[in-house]
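Asker: Dropping a structure here in structure tokens format, bear with me for questions.
Every number in this text was worked out from the coordinates using simple rules, so none of it is lab data. Everything quoted here is computed from the prediction, not taken from an experiment. For neighbour counting, all protein chains shown are included, and Cβ atoms are generated from backbone atoms with ideal geometry for every residue, glycine included.
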Amino acid sequence: MRLLVLPVLCLLAACDSAPVTGRSQMMLVSEGEERQLGAQAYRQVLAGEHASHDAEFNALVDRVGRRIAQAAERPPAHMWKAPHYSWEFRTIDKNVPNAFCLPGGKVAVYSGLLPITRTEAGLATVIGHEVAHALARHSAERLSDQKMVSGATLLAGVGLAVAGGRTGAAYAPTAMAAMGAGASVGILLPMSRTQESEADRIGLVLMALAGYDPHEAIGLWERMRAAGRGQKKQPEWLSTHPTDDTRLADIRRWVPEAMKYYRRRD
């Protein structure tokens, strides 16, 4: 009984709350460790990609990124703890509609996004979403969930082997594989979709605080949906992301909340 109580107490001690949504998060990874992993991943990505030399594109990403970063660093009272990241904004010359923000505020935007974002507010939607992932510490939460699932699967396998003797030991690997697959569909993938939706919601607030109209996010995600038409996609329950229709419906529902923080900024 004592062995069961200690892990529960540890999990309770590692609880946190996500910005804006207030969702409870389990954190088994420290901020220092998370930032170290983020910096390492950032170096690896930049080493394998070609930086963009388009001065206009670089200036646009830096301008929008700095405004979103300023909003993240100066939140309204009690919304979230200011992160004080060492922000970096890089552009990558690659025809891929992608962007990311790694722990510690390391942001990169691929040139393939420009035909879809089109406007400064469209780019703010994307950067706001990515910064929201870092602000909510989604990477640390994902690592924590993976640790929890791996530990639980291992304990269950050991328990089966011990309780079932030779028969249990023989079936333990198969049972652990089945549990791992079940945990992926039942825990890890739903959590990933939750984080994506949460980043959308937080991102709307960030872009509003930065002076970009949150209504512009609807047009951006409609263009994203159009750009992805014709591509084979998995059903939502097997995907890391919500479907385009789910995402747009949620964004339309959250825009009024974000508009409370919007102040036009020329």
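Asker: Can you compute the charge dipole magnitude of the range 15-137 about its Cα centre, using +1 on each Lys and Arg Cβ and -1 on each Asp and Glu Cβ, nothing else charged? Give it in debye, rounded to the nearest 20.
Answerer: 220 debye
Asker: Using a simple spin-label model with points 7 Å from Cα along the Cα→Cβ vector, what separation in nm is obtained for THR119 and ASP245?
Answerer: Simple spin-label model gives 2.6 nm for this pair.
Asker: Sorted by packing (mean other beta-carbon atoms within 10 Å per residue), highest first, where do 84-94, 198-208, 50-60 land?
Answerer: Per-residue mean Cβ counts within 10 Å order the peptides as 198-208, 84-94, 50-60.
Asker: May I ask you to order 247-253, 99-105 by the average number of other C-beta atoms within 10 Å around their residues, highest value first?
Answerer: Peptide ranking by packing, descending: 99-105, 247-253.
Asker: Could I ask something else about it? Give me the percent relative contact order of the range 15-137, please, defined on Cα pairs under 8 angstrom at least 6 residues apart.
Answerer: Relative contact order, the range 15-137: 25 percent.
Asker: Starting with the fewest neighbours, write out VAL126, VAL96 ranked by other beta-carbon atoms found within 10 Å of each beta-carbon.
Answerer: Result, fewest neighbours first: VAL96, VAL126.
Asker: Quick one: check the C-alpha center-to-center distance for the range 197-266 versus the range 21-35, whole angstrom.
Answerer: Their Cα centres are 24 Å away from one another.
Asker: Then there's this: Please work out the FRET efficiency for the pair ALA55 and ASN95, using the Cβ-Cβ distance as r and a Förster radius of 30 Å; give the result to the nearest 0.05.
Answerer: Here the calculated transfer efficiency is 0.95.
Asker: Just grab the label-to-label distance for CYS15 and ILE218, each label 7 Å out from Cα along the Cβ direction, in nm (one decimal).
Answerer: 3.7 nm
Asker: List the residues whose amide H sits under 5 Å from the amide H of GLN25, counting only those 5 or more places along or on another chain, with H placed 1.01 Å from N in the peptide plane.
Answerer: ASP16, SER17, ALA18
Asker: Here is a follow-up. Sort 139-146, 210-217 by packing, meaning the average of other beta carbons within 10 Å per residue, with the highest value first.
Answerer: 210-217, 139-146
Asker: Right, another one. Return the distance in nm (one decimal) between the two label points of a simple spin-label model at GLN36 and SER24, each offset 7 Å from Cα along Cα→Cβ.
Answerer: Result for the modelled spin labels: 2.9 nm.
Asker: For ILE92, list long-range residues whose amide hydrogen, built 1.01 Å from N in the peptide plane, is under 5 Å from its own amide hydrogen.
Answerer: SER52, VAL109, TYR110, SER111
Asker: What is the diffusion coefficient of the range 15-137 in µm²/s, taking the Kirkwood radius over Cα pairs and the Stokes-Einstein relation at 10 °C with a viscosity of 1.306 mPa s?
Answerer: D = 105 µm²/s.
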